[in-house]
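The values are calculated or read from the model by the stated rules, or taken from the named source; none is laboratory data. Here the structure is a predicted model, which means the values were calculated and not measured. Don't worry about glycine lacking a Cβ; one is built from the backbone with ideal geometry, like all the others, and counts go over all protein chains shown. What goes into the accessible areas is simple: the full protein's heavy atoms, side chains included, and nothing from ligands, DNA or RNA. Shrake-Rupley method; radii C 1.70, N 1.55, O 1.52, S 1.80 Å.
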Amino acid sequence: MEEIQIFYINIYYNIFLIFSQLTLPKAHLCYTLFTMENNHETAKNKTSIGILAHVDAGKTTLAEAMLFTAGEIRKAGRVDHGDTFLDTHELERKRGITIFSKQAHFSMPDTEFTLIDTPGHADFASEAERTLSVLDYAILVISAAEGVQSHTLTLWSLLKRYGIPVFIFVNKTDISENSPADTMAELTGRLDGACCDFSHPVAEDIASCDEALTEAYLDRGEINEELLKDAIRSRRIFPVRFGSALKLTGIKEFLEDLNRYAYVSRKSCDGPLSARVYKITRDKTGQRLTHIKVEEGTVRVRSELNGEKVTQIRFYSGEKFDTKDEAFPGDICALTGLNETFAGQLIGSDGPALSPILSPVMSYRLLLPFGTDVHNAYTKMKVLEEEIPELSLVLLEDTGEIQVQIMGEIQIEILKTLIRERLGIDAEFGVGTIIYRETVASVSEGVGHFEPLRHYAEVHLKIEPGERGTGVRVATEVSTDDLDKNWQRLICTHVLERRHRGVLTGSVLTDVKITVIGGRAHPKHTEGGDFRQATYRAVRHGLMMNRSVLLEPWYDFMLEIPASRLGRAMNDISKMNGSVKSHDIKGERAVIFGRCPVSTMHGYALEVTAYTNGMGKLSVSSGGYDLCHNEEEVIESFGYNPEADVRNTADSVFCAHGAGFVVPWREVTEYMHIEPCLKTGHGSTKELLRPIAEPGPKPQKESGSFSYSASAQLDKDLADIFNKTYGSKKQEEKPRDLFNPVSKLPFYGTEKVTIREAAKLDEYLLVDGYNIIFSWDDLNALSKTNLAAARQKLMDTLCNYQGFRRMNLILVFDAYKVEGGAEKAEQYKNIHVIYTKEAETADRYIERTAIDLTKKHKVTVATSDATEQVIIWGAGASRMSARELKEEVDNTEKEIAVLLDQRNTPAGSALLDSLSPETAEFIRNYRMKQD
Ligand SMILES: Nc1nc2c(ncn2[C@@H]2O[C@H](COP(=O)(O)OP(=O)(O)OP(=O)(O)O)[C@@H](O)[C@H]2O)c(=O)[nH]1
Ligand SMILES: [Mg+2]
């Protein structure tokens with residue numbers, strides 16, 4: 001069977017070769033033949049290829065020409081007529097530019113291609129960058145008339161950084177006066193010497209691009225096709241073709257090159273799943289789509305990815321899609337059913353999420369119409385941010401402002417329309433301000449310790465400068481004998497999971513290498529969150545001990561002006577603190593290439609138009625972050641005091657005599673439990689200045705009985721710790737704790753317990769009752785025969801959970817269908833139960849309450865409802881799925897069991913004494929059952 005297939009493929013390929021020498025319509029026919037026949041043929045090479053270029057170079061027109069020539073579409077549409085296969089969004093058709101990347105499929109004799117068209121405008125460069133993580137090859141389009149633009153150079157360096165091999169298509173030859181030789185000289189001069197003209201391939205020219213090819217050519221007098229493929233694949237040679245996408249010239253030959261040379265060897269579809277998420281979108285019905293490329297293994301409908309079920313696998317081509325039950329290595333598809341995914345995420349393996357290199361350099365205030373509910377708007381904007389992550393939304397609680405990071409004016413215009421569509425709001429944007437960054441100039445050791453009672457983590461980090469544009473990178477240099485691998489991994493995650501603030505202006509930290517050089521966990525008391533605290537404090541401490549430097553965004557620019565205005569332009573550039581890399585005078589035109597701070601060049605394009613009478617043109621592209629030209633001035637204008645920034649503290653928390661206390665960052669090294677690691681090489685445990693708190697015997701009363709003043713002092717220490725950890729809260733701002741059974745309890749015991757309670761007083765857990773009942777197998781089964789019994793069982797289970805864990809627990813049941821029903825709130829033992837009023841669902845109640853409570857409290861919401869999770873997340877609350885709550889409840893029962901085992905030890909009895917009456921009763925019952 002296989003042999004017969006190969007036989008047919010060969011025949012088809014020969015027909016293809018014959019036809020491809022003939023005229024275009026016939027070749028078109030032939031490709032169509034292939035497309036039809038080979039739909040059944042699954043063993044073809046699968047290659048993803050993205051089209052990139054500066055704006056208006058002709059990418060979408062080229063995509064159209066390729067799809068037409070390959071027989072995928074019957075008619076080549078025109079961008080100018082708003083009828084292309086890939087510029088499908090209404091905004092794109094209206095403006096004649098691409099805003100969102102989109103994909104199409106076409107088939108060639110040897111290869112199935114997924115073609116991805118990207119936007120070329122610098123304002124949408126992040127959207128283009130997102131696709132790079134899933135490309136096997138790229139097509140870089142150069143407009144023959146305009147040559148290499150500054151944005152082309154930005155793209156070229158991105159392609160280099162992502163290691164993507166490139167085919168170059170020089171477009172618009174129909175309207176260009178530049179000869180191919182001129183263009184080739186520009187490409188080899190400005191991009192890479194290995195750009196090679198494949199339209200009239202000369203073996204010597206190709207061979208001269210690469211050592212291996214030269215050798216092969218000298219040995220055998222010819223270049224083996226496999227060697228050439230390999231040279232292209234490993235970016236040692238870049239084939240160049242010339243043509244016109246609009247006039248359909250040079251397209252057939254270009255496709256032949258792709259078919260012949262763009263080859264990728266794939267990993268097995270039986271291996272463990274590895275897939276890269278490259279973007280999130282929503283379809284017309286609002287369905288959330290996770291766009292992925294499968295690298296290894298197989299994704300199946302109904303399979304679980306990180307606890308969420310895939311409901312559909314869509315293969316898009318233009319606006320339309322096919323669904324399949326499986327996706328294999330090399331496939332680019334969109335999954336539905338997933339709500340937790342995010343752009344850049346690597347699913348199924350340990351690899352880190354990819355952080356983009358390009359990012360906006362200006363921040364704007366979102367101006368909402370008078371009377372708009374800011375929190376509601378923010379929640380909806382958060383959904384938009386999933387699709388455009390570079391917006392990096394921030395809600396400033398103090399002023400109730402939403403801040404948005406934006407690439408430029410065109411993106412602002414597009415966002416206004418999207419906000420109108422999605423939020424139904426006519427928003428405006430305030431004046432843009434520059435986004436600064438910070439880095440370090442030397443090497444330091446940052447230490448962080450977090451040890452309120454029954455918590456423990458210590459972290460030592462080396463912080464050193466990284467290369468420009470590399471962001472924050474993390475590594476570990478600790479033996480697993482000193483710190484378990486899992487803890488090391490957790491510290492790395494905590495280093496990368498947030499944007500750390502610098503100490504000069506509070507701007508985001510970048511271009512640093514952070515290495516874990518020491519750390520310590522406690523066998524019983526360390527929880528994941530402890531390492532988070534210790535890590536954040538260590539980073540911050542390391543910055544305080546280092547020399548920080550301010551960075552600002554720079555443009556790479558190309559300025560074309562009449563040669564007579566060269567002097568004026570040079571003078572301007574110098575005044576703007578820019579620098580000139582090169583300049584070129586061709587007859588009456590001069591072209592200057594250089595770099596300039598965004599802060600000074602912003603708005604200069606208008607000036608150029610004015611002083612050249614419209615004859616000049618400034619094109620800019622992202623030049624990354626570099627030293628700030630007016631550092632002192634900017635730092636002064638920020639007036640930032642790092643020590644007053646309690647949310648980003650460099651201080652540490654230690655424990656003595658059963659109480660936590662804060663040690664200022666200047667003194668922390670003395671208190672650490674591990675010696676400084678930079679000097680000694682490795683962390684060694686020193687004689688402890690402060691012993692790790694053990695859950696030892698009930699603390700002896702030190703001076704007579706436990707007094708009120710001792711507990712007040714303790715509360716103050718705690719308040720300090722928690723204020724520094726979670727930000728200060730004015731006591732009088734707290735709403736009355738109506739639902740707080742703990743606060744009504746008598747004082748039960750030891751200092752330890754006070755800490756436990758105080759820590760949790762500020763926390764709320766909102767539980768979506770029916771959602772949990774229907775998600776837990778046992779309750780779900782019970783609900784089928786007796787819903788009231790299932791409700792009762794959940795209430796009792798949560799009472800025990802609350803009694804042990806101590807937080808304000810609000811359980812919400814839908815009663816919204818009860819006609820004329822008013823909201824009913826009842827205190828059931830130690831939890832609060834709400835039955836919603838008519839026409840208010842439980843999720844609406846939870847959303848409303850969560851938004852309200854998060855202003856002043858730490859709030860967690862337990863539900864598996866996806867939409868609700870997004871809203872809750874937007875409101876700033878934490879989410880807990882039904883499964884996680886079940887795990888929590890089960891773990892609590894396990895802890896109680898352990899406690900029972902220890903009830904005859906001093907530690908066990910101390911803890912038993914400290915429980916709330918409800919839990920104590922529960923334990924008594926439990927004990928009776930056990931005994
Ligand atoms: N004369 C000529 N015009 C072309 C050619 N290719 C594209 N154009 C025109 O150039 C303009 C821009 O083409 P697009 O295909 O939208 O360019 P793009 O690179 O996709 O632009 P963005 O997606 O906005 O970055 C349109 O007016 C096209 O008709 C060509 O080969 N010759
Ligand atoms: Mg386009």
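For segment 61-84: of the residues being at pLDDT 95 or above and more than 17 Å from residue 320 (Cα to Cα), which is nearest to ligand 1 (Cβ to nearest atom)?
Out of the qualifying residues, it is 61.
Of all strands (runs of 3 or more DSSP E) completely enclosed by segment 337-440, which ones contain at least 1 residues that are surrounded by fewer than 19 Cβ atoms within 10 Å (Cβ to Cβ)?
By residue number, 362-367, 394-396, 401-406.
Might you check whether a residue that is more than 21 Å from residue 48 (Cβ to Cβ), modelled with pLDDT of 95 or more and of a type outside the set (Lys, Arg) occurs anywhere in segment 253-260? Walk me through it before giving the result.
Keep residues of segment 253-260 that are more than 21 Å from residue 48 (Cβ to Cβ), which gives 253.
Filter once more, so that each one left must be modelled with pLDDT of 95 or more: 253.
Now drop any that are not of a type outside the set (Lys, Arg), which leaves 253.
Looking for residues that are more than 21 Å from residue 48 (Cβ to Cβ), modelled with pLDDT of 95 or more and of a type outside the set (Lys, Arg), one finds at least one in segment 253-260, hence yes.
Scan 244, 268, 199 and give me the residue that is modelled with pLDDT of 95 or more and in contact with a Gly (Cβ under 9 Å, 6 or more places away or on another chain).
Values: 268 fails: modelled with pLDDT of 95 or more; 199 fails: modelled with pLDDT of 95 or more.
Answer to the check: 244.
Enumerate the strands (runs of 3 or more DSSP E) found wholly within segment 503-598, keeping only those where 3 or more residues are free of Cβ contacts under 8 Å to residues at least 24 places away in the same chain.
Numbers: elements: 512-521, 548-562, 579-586, 589-597.
Fully inside segment 503-598 and qualifying: 579-586.
Taking the condition open to solvent by 40 Å² or more (accessible area, probe 1.4 Å) and among the polar types (S, T, N, Q), does residue 224 pass? Even if it seems obvious, please write down each step before you answer.
Details: open to solvent by 40 Å² or more (accessible area, probe 1.4 Å): yes; among the polar types (S, T, N, Q): yes.
The answer is yes for residue 224.
The rows are residues; the columns are (1) of a type outside the set (D, E, K, R); (2) free of Cβ contacts under 8 Å to residues at least 12 places away in the same chain; (3) in contact with a helix residue (DSSP H, G or I) (Cβ under 6 Å, 6 or more places away or on another chain).
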site	(1), (2), (3)
107	yes, no, yes
110	no, no, yes
116	yes, no, yes
155	yes, no, no
160	no, no, no
166	yes, no, yes
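Report yes if some residue within segment 113-130 is of a type in the set (Lys, Arg), within 20 Å of residue 169 (Cβ to Cβ) and within 16 Å of ligand 2 (Cβ to nearest atom); otherwise report no. Step through it out loud before you land on a result.
In the first step, residues of segment 113-130 are kept if they are of a type in the set (Lys, Arg); the result is 130.
The next check asks that each one be within 20 Å of residue 169 (Cβ to Cβ); those that pass are none.
No, every residue in segment 113-130 fails to be of a type in the set (Lys, Arg), within 20 Å of residue 169 (Cβ to Cβ) and within 16 Å of ligand 2 (Cβ to nearest atom).
Take residue 154 and tell me if it is of a type in the set (Ser, Thr, Tyr), within 16 Å of ligand 2 (Cβ to nearest atom) and either under 34 Å from the mean Cα position of the chain (by Cα) or within 29 Å of residue 361 (Cβ to Cβ) (or both).
Numbers: of a type in the set (Ser, Thr, Tyr): yes; within 16 Å of ligand 2 (Cβ to nearest atom): no; either under 34 Å from the mean Cα position of the chain (by Cα) or within 29 Å of residue 361 (Cβ to Cβ) (or both): yes.
For residue 154, the condition - of a type in the set (Ser, Thr, Tyr), within 16 Å of ligand 2 (Cβ to nearest atom) and either under 34 Å from the mean Cα position of the chain (by Cα) or within 29 Å of residue 361 (Cβ to Cβ) (or both) - is not met.
Quick one: would you say residue 894 is surrounded by fewer than 20 Cβ atoms within 10 Å (Cβ to Cβ) and at pLDDT 75 or above?
Judged against the criteria, residue 894 is not a match.
Hey, any hits in segment 312-334 for a residue that's of a type in the set (A, V, I, L, M), part of a loop (DSSP other than H, G, I, E, B) and within 27 Å of residue 89 (Cα to Cα)? Explain how you work it out, then say what you get.
Our first condition is that a residue be of a type in the set (A, V, I, L, M); within segment 312-334, this holds for 313, 327, 332, 334.
Next, only the ones that are part of a loop (DSSP other than H, G, I, E, B) stay: none.
No, there is no match, as no residue in segment 312-334 is of a type in the set (A, V, I, L, M), part of a loop (DSSP other than H, G, I, E, B) and within 27 Å of residue 89 (Cα to Cα).
Could we say that residue 204 is within 16 Å of ligand 1 (Cβ to nearest atom) and either among the charged types (D, E, K, R) or not in a helix (DSSP H, G or I) (or both) here?
Considered against the rule, which asks whether it is within 16 Å of ligand 1 (Cβ to nearest atom) and either among the charged types (D, E, K, R) or not in a helix (DSSP H, G or I) (or both), residue 204 comes out as no.
Could you tell me which residue of segment 94-116 is surrounded by the fewest Cβ atoms within 10 Å (Cβ to Cβ), considering only residues that are within 11 Å of ligand 1 (Cβ to nearest atom) and not aliphatic (A, V, I, L, M)?
From segment 94-116, those within 11 Å of ligand 1 (Cβ to nearest atom) are 95-102; that's our starting set.
Going one step further and asking which of them are not aliphatic (A, V, I, L, M), we end up with 95-96, 98, 100-102.
On the way: 95: 17, 96: 15, 98: 28, 100: 20, 101: 23, 102: 26.
Taking the candidates together, the pick is 96.
From 294, 240, which residue is touching a Cys at 6+ places or on another chain (Cβ under 8 Å) and within 16 Å of ligand 1 (Cβ to nearest atom)?
Details: 294 fails: within 16 Å of ligand 1 (Cβ to nearest atom).
It is 240.
Any residue in segment 125-133 that is within 11 Å of ligand 1 (Cβ to nearest atom) and of a type outside the set (Gly, Ala, Ser)? Full working, then the answer.
Here is the first cut: in segment 125-133, the residues within 11 Å of ligand 1 (Cβ to nearest atom) are 125, 127-128.
The next check asks that each one be of a type outside the set (Gly, Ala, Ser); those that pass are 127.
Yes, there is a match, as at least one residue in segment 125-133 is within 11 Å of ligand 1 (Cβ to nearest atom) and of a type outside the set (Gly, Ala, Ser).
Are there any pairs, at least 6 apart or on different chains, whose C-beta atoms fall under 8 Å, with the first in segment 269-283 and within 16 Å of residue 331 (Cβ to Cβ) and open to solvent by less than 40 Å² (accessible area, probe 1.4 Å) and the second of a type in the set (A, V, I, L, M, F, W, C) and part of a loop (DSSP other than H, G, I, E, B), and if so, which?
Qualifying pairs under 8 Å: 276/134; 276/354; 277/342; 277/343; 278/134; 278/343; 279/343.
Got a sec? Which of 625, 640 is closer than 22 Å to residue 539 by Cα, crowded, with 20+ Cβ neighbours inside 10 Å and touching a Ser or Thr at 6+ places or on another chain (Cβ under 8 Å)?
Values: 640 fails: crowded, with 20+ Cβ neighbours inside 10 Å.
Only one candidate passes the filter, namely 625.
Can you name every residue in segment 134-175 that is in a loop (DSSP other than H, G, I, E, B), open to solvent by 50 Å² or more (accessible area, probe 1.4 Å) and within 13 Å of ligand 1 (Cβ to nearest atom)? Working first, answer last.
Quick first cut of segment 134-175, residues in a loop (DSSP other than H, G, I, E, B) only: 134-136, 144-149, 162-165, 172.
Cutting the leftovers down to open to solvent by 50 Å² or more (accessible area, probe 1.4 Å) gives us 145-146, 162, 172.
Once the filter is applied, which keeps residues that are in a loop (DSSP other than H, G, I, E, B), open to solvent by 50 Å² or more (accessible area, probe 1.4 Å) and within 13 Å of ligand 1 (Cβ to nearest atom), segment 134-175 yields 145, 146, 172.
Which of the residues belonging to segment 46-93 are within 13 Å of ligand 2 (Cβ to nearest atom), polar (S, T, N, Q) and buried (at least 22 other Cβ atoms within 10 Å of the Cβ)?
Hits for segment 46-93 are 60, 61, 84.
If you scan segment 230-255, which residues turn out to be open to solvent by 40 Å² or more (accessible area, probe 1.4 Å), part of a helix (DSSP H, G or I) and of a type in the set (Lys, Arg)?
Of everything in segment 230-255, just one residue is open to solvent by 40 Å² or more (accessible area, probe 1.4 Å), part of a helix (DSSP H, G or I) and of a type in the set (Lys, Arg), namely 233.
Do the conditions hold for residue 192, that is, is it away from ligand 2 (no atom under 16 Å from the Cβ), open to solvent by 50 Å² or more (accessible area, probe 1.4 Å), assigned to a loop (DSSP other than H, G, I, E, B) and touching a strand residue (DSSP E or B) at 6+ places or on another chain (Cβ under 7 Å)? I'd like the intermediate steps shown before the answer.
Values: away from ligand 2 (no atom under 16 Å from the Cβ): yes; open to solvent by 50 Å² or more (accessible area, probe 1.4 Å): yes; assigned to a loop (DSSP other than H, G, I, E, B): yes; touching a strand residue (DSSP E or B) at 6+ places or on another chain (Cβ under 7 Å): yes.
The answer is yes for residue 192.
Output the number of the condition that residue 175 fails; it satisfies all remaining conditions of (1) farther than 24 Å from residue 44 by Cα; (2) within 41 Å of the chain's Cα centre (by Cα).
Only one criterion in (1) farther than 24 Å from residue 44 by Cα; (2) within 41 Å of the chain's Cα centre (by Cα) is unmet by residue 175, namely (2).
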